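Every number in this text was worked out from the coordinates using simple rules, so none of it is lab data. The structure presented is a predicted model; accordingly, all values stated were derived computationally and were not measured. Counting neighbours? That spans all protein chains shown, and the Cβs are built from the backbone with ideal geometry, glycine included.
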Amino acid sequence: MRLRETRAVSLALALFWVVGLVGCDKSASKPSGEARPAAEAAKEPEPEPVGTDKLVARIQAFLEAWKERETAFINGYEKGFKDTLAAPGWFKKLSTRVYEERRFSLIFSDGRALRPNAQVLREAVEAVASHGLDSKPYDLEALGELFTNLDALREAYDTSVKPPESESEAKLWKTMESIRESLAIDPAAMAVKLEEAGLDDDDVPLVDLAEQRLDGVFAAKAKLNQGLVDADISLLQRWFRYAYDMRFSRRAHPFMADKSDGDGVTRTQEALFEAYTTMDFEKLDESLATLIPGHPEYPKMIEGLKFYLELAALEEPQVALERKAERLKRGSKGEHVEALQGRLIQEGYLEGEVDGQYGAGLETAVKLYQQTHQLKETGEMNRSTRSSMNKDYAARAEQVRLALRRHRESELHQGEQRFGDFPVHARVNIPAFETVFFRDGVEARRHKIVVGLNDVSMDERTGHKGYFNRTRMFSETIKTVVLNPTWRVTPRIKDELDLNLMEEPDFYEKNNYEVKTLDDGTEQVMQLPGPNNALGLVKFLFPNRFSIYMHDTPKKGKFNTHIRTGSHGCMRVHNALDLAKWMLTEVEAHTPERFDEILESRETYGIALKTKIPLTIDYNVVGVHESGRMMFYSDVYRYDRDLASGVTPYPPLKESWLEQAVLVE
C-alpha cells in the first residue's frame, strides 16, 4: 500500500491548540479604580508588589497534570483502537492485521478530518447496486450517519480549541502553551516568562478556568478520535467487502461456487490482504477501478441493468401478447399488431406511432428483436418470439444482474490471465456459441463456434450416466497452431465410431483412419490429415486437463443454426483458416505465402506462437449487441436454471476425467 503512513501517536497528540492571539499587557486586563486627588493619593502607602510564586506553583502542577493526561491519552488511544477492532465481523482478522502493521495509524483520516479517499470509497460503495450487488452488507444508512456524526464531532472539537474570549484568560493560556512547548518545567524560568507577560499571583484563578478548558479539549478530542477510529475501521471493512464482491466472490460458478459469502471471505483472506497491500489509497479512484472487470461488455451491462429495472418499475404495465400474435407477419393489421407495436416501442426496438399496420418498419424491429434473443431472424412472429416478448422486464433485469456477476466471477477477471494484461486475449462464451479475440483491449475478430453436446450419455469406465460432452469452463493459453492436423481418437469417441463397423466394416479405411494395436492389446485410432479429417485443416492447442481444443471442421452446416451444440467438448471454429492466418501473419511474423505453402503440403505442421494468447471459456447467457442492446442467449447447459433452483454447485466427482461433468439419476 502506498499511502504515506504516520505514527499512531500523531493522532492522539494532535490536539490542535489553535490560539492565534494578539499580545496584551497586564494593565489592560486589570482595570484601575476611579481617579483620586493627587494630594489624597500621595498620603496612601505604596502597595506591596504582587509576586509570582503561587502562580508558578499552580501552573507547574497544571502542566505536569497535562503531561500525565497526555501520556494516558496516547496509551488509551491504542487500547480503544483495539477494543473497536474486537467487534465481530467477517473482516475482523483482516482489519486487525492491517492496523497492527500500520501501528494503528489511520488510512482515511489525517487525525482531524477524513481524507478525500474516504469520500471516493463512499461513492463507490453507494454505487454497488448499479453493479447488480446487494447494498445491504454495506449499510449505507449507517455510513451516511458516520460521516454526519464526524462533522459534528470535528465542529465540537474546533470549538473547544478556539481562543478564550477573555483577554486575560487568553494571555495566560498563550503563556502556558509557550512554557510547555519551549521550556522545561523550571520554576525560575517560568517566573521570568510570567513577569514578561505581566502575570502574577492575582491570576491564579485563571488557571482554574484553563483547567476546565483543557478538560473540554481532551473530552472533545477523545470523542473525535474515537469517531475517526470508528470511521476508519468501518471504511476499511467496507473496502474489503467491495474488493471481495468485485474481484473475489464466487457464488454462481456451477462447479466451484462457495456455499456462502462467509465461506468465500475465509477462502480469499490472503488474496484480499494482498489486494490491500497493492492498493494506492492516495489515488483510490484509480485503484478501485482495477477491482472492476475490464471486459468492454461490463459497463454496457451496467446500463442494461438500469434500463430493465426502469422498465420493470414503469406504472404502465408491460404489453402482453396474446396467442394470436404468433401468426402476425408483414401485411397483418388490427389490434394484435397494435399490441406488438406497443410492446416493441416500450422496449425501444421500434420508433413512431402505433397504427396497427405490420409494415417494413415493424418487420425490421421484429427481426432485430429476434437477433438479440438468439431466435431465427425471419421478421415474422412465431411461438418462440412471442414467448420471449412475454418474459417480464423484472426477469430480464435479473438475467443481466446474474450476467454482471458471471463477468466478475470469470477467470478472465479473477484468474492469473486478467483481461487487459496481455496484448492479445481470447474469450469463448458457451451460450453465445462464439469466440472473440481482442487486441489491446479492442475486439479484433469474432467467430462462430460449435460447442459440446448437451446430451446424456454413459461413461463406460464407471457406468455413470450424465452430461459428459459439455464444453468445460477454464482458462489456458493458446500456444500452438497446427496445420493439417491428425486426430487421435479418444477411447470414449472410439466406442461410438466402432458402432459404424457393423454396417461398414471398412469405415476406418474409407475415412482415412489409421488403426494400431498397442502392446497392451488396446487399439489406437488416428485420422490422418486431409480434407475430411474431423479437425479440418487447422487446430489450436491450449494444453489443459480436459483435452479440449479448438479446430476447423469439414462439416459447416451447424454454423448456420442458432443453437450450435454438436461436439464431444472441443470447439469447432467457423472460418478457422482465417483465424489461423490472422494469428500467424498479423500477430506473429509469418508470411501469407509460407502459410499457404504449409497448408498445401498436406503435411502436419505445428507452429509455436511467440505471442501466447490467453483463452478463457465462460458461461454467460447475456451479452451485448453491436447496437448496445442486451443480447439474451439460451441457457443451453441449464446452469442458470440450476443456480436459481439451488442445484449448483454440482457435487464433484472423484474420477478426474469426469471433472465438471453432471450426473443424472
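To make sure I understand, if each residue's beta carbon is the centre and we count other beta carbons within 10 Å, what order do Asp552, Asp519, Asp596, Asp258 fall in, fewest to most?
In order of increasing Cβ crowding within 10 Å: Asp519, Asp596, Asp258, Asp552.
Would you grab the residues whose amide H sits under 5 Å from the one on Leu537? Only those 5+ places off in sequence or on another chain, please, with H modelled 1.01 Å from N.
Those lying under 5 Å, H to H, from Leu537 are Asp552, Thr553.
Would you mind pulling out the separation of the Cα centroids of region 353-403 and region 432-466, in Å?
If we compute the Cα centre of each part, the gap is 26 Å.
Take the alpha carbon gyration tensor of region 319-391, find the square roots of its eigenvalues, order them as a ≥ b ≥ c, and report rounded if a/c is under 1.5; if not, report prolate when a/b exceeds b/c, else oblate.
rounded
Between region 495-542 and region 165-197, what's the alpha-carbon centroid distance in Å?
Each part's Cα centre sits 101 Å from the other's.
Could you size up the charge dipole of region 469-547 around its Cα centre, putting +1 on the beta carbon of Lys and Arg and -1 on that of Asp and Glu, and report it in debye to the nearest 20? Spell out each step's value before the answer.
On the way: 10 positive and 12 negative charges, 139 e Å.
Charge dipole, region 469-547, about its Cα centre: 660 debye, nearest 20.
Using just the helices of the chain, give the 222 nm mean residue ellipticity in deg cm²/dmol: DSSP H runs with n ≥ 4 each add -39,500 (n - 2.57), and the total is spread over all residues, rounded to 500.
Per the formula, -13000 deg cm²/dmol.
Working out 0.36 nm times the residue gap between Ala57 and Glu496, then minus their Cα-Cα distance, what length gain in nm do you get to one decimal?
147.7 nm
Which pairs in the list Lys67/Lys174; Lys376/Lys448; Lys448/Lys558; Lys494/Lys581 are over 21 Å apart, alpha-carbon to alpha-carbon?
Going by Cα-Cα distance, Lys494/Lys581 fall outside the 21 Å limit.
Over the chain, what is the relative contact order in percent, taking alpha-carbon pairs closer than 8 angstrom and at least six residues apart?
Dividing the mean separation by the residue count of the chain yields 14 percent.
Could you work out the equivalent-ellipsoid semi-axes for the chain, taking the square root of 5 times each eigenvalue of the Cα gyration tensor, largest first, in whole Å?
Values: eigenvalues 1183, 198, 88 Å².
In descending order, the three semi-axes are 77, 31, 21 Å.
Sorting Leu321, Leu206 on the 10 Å Cβ count, fewest up front, what's the list?
The order, fewest Cβ neighbours first, is Leu321, Leu206.
When a footprinting reagent is the concern and you count Cβ atoms within 10 Å, what order do Met381, Met526 take, fewest first?
Met526, Met381
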